[in-house]
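Comments concern the structure below.
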């Protein structure tokens, strides 16, 4: 009788492990051809926020990806490669454009960013899970990469 219970437990454990094996992370660029669950169609989608300490830069309007070199020329270090890699790997669906901008220079990196429309272009606003400390040894520069639907006006 005890042996049957052990077999059943091992069978259940095996089934759970097989299901979890299908939940691993994907490699390659993010799938940006479909909206995330709960995300309204036609809204901007932040693909990532990339950060590095003492990478310089300045907050300001986001730039379309075809002006990426201008933005990257204001940055230094590994952040340049991170942002260039993210922009190169992004798959941009029809009717969208890739935008990149410095979202924050602070004592910590934001967890994400939001996109707002401003002066005929776009800006990134930091999204913090916890507020950054008020003092730090070196500032952290964070750059957001996002897909924005053509003609999106923030409404």
Checklist entry - Are any residues in the stretch 119-132 surrounded by 12 or more Cβ atoms within 10 Å (Cβ to Cβ) and either out of contact with any strand residue (DSSP E or B) (no Cβ under 7 Å at 6 or more places or on another chain) or on the phi > 0 side of the Ramachandran plot (or both), and if so, which ones? => result 121, 128
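Conditions tested, residue by residue: (1) within 23 Å of residue 95 (Cα to Cα); (2) surrounded by 12 or more Cβ atoms within 10 Å (Cβ to Cβ).
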site: 134; (1), (2): no, no
site: 137; (1), (2): no, no
site: 140; (1), (2): no, yes
site: 147; (1), (2): yes, yes
Checklist entry - Restricting the search to the stretch 49-88, which residues are in a helix (DSSP H, G or I) and surrounded by 14 or more Cβ atoms within 10 Å (Cβ to Cβ)? => result 65, 68, 71, 72, 79, 80, 82, 83, 84, 86, 87
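Is it fair to say residue 100 is touching a helix residue (DSSP H, G or I) at 6+ places or on another chain (Cβ under 7 Å) and more than 17 Å from residue 154 (Cβ to Cβ)?
Yes.
Every number in this text was worked out from the coordinates using simple rules, so none of it is lab data. These figures come from a predicted structure and were not determined experimentally. Cβ sites come from the backbone with ideal geometry, for glycine too, and all protein chains shown count toward neighbours.
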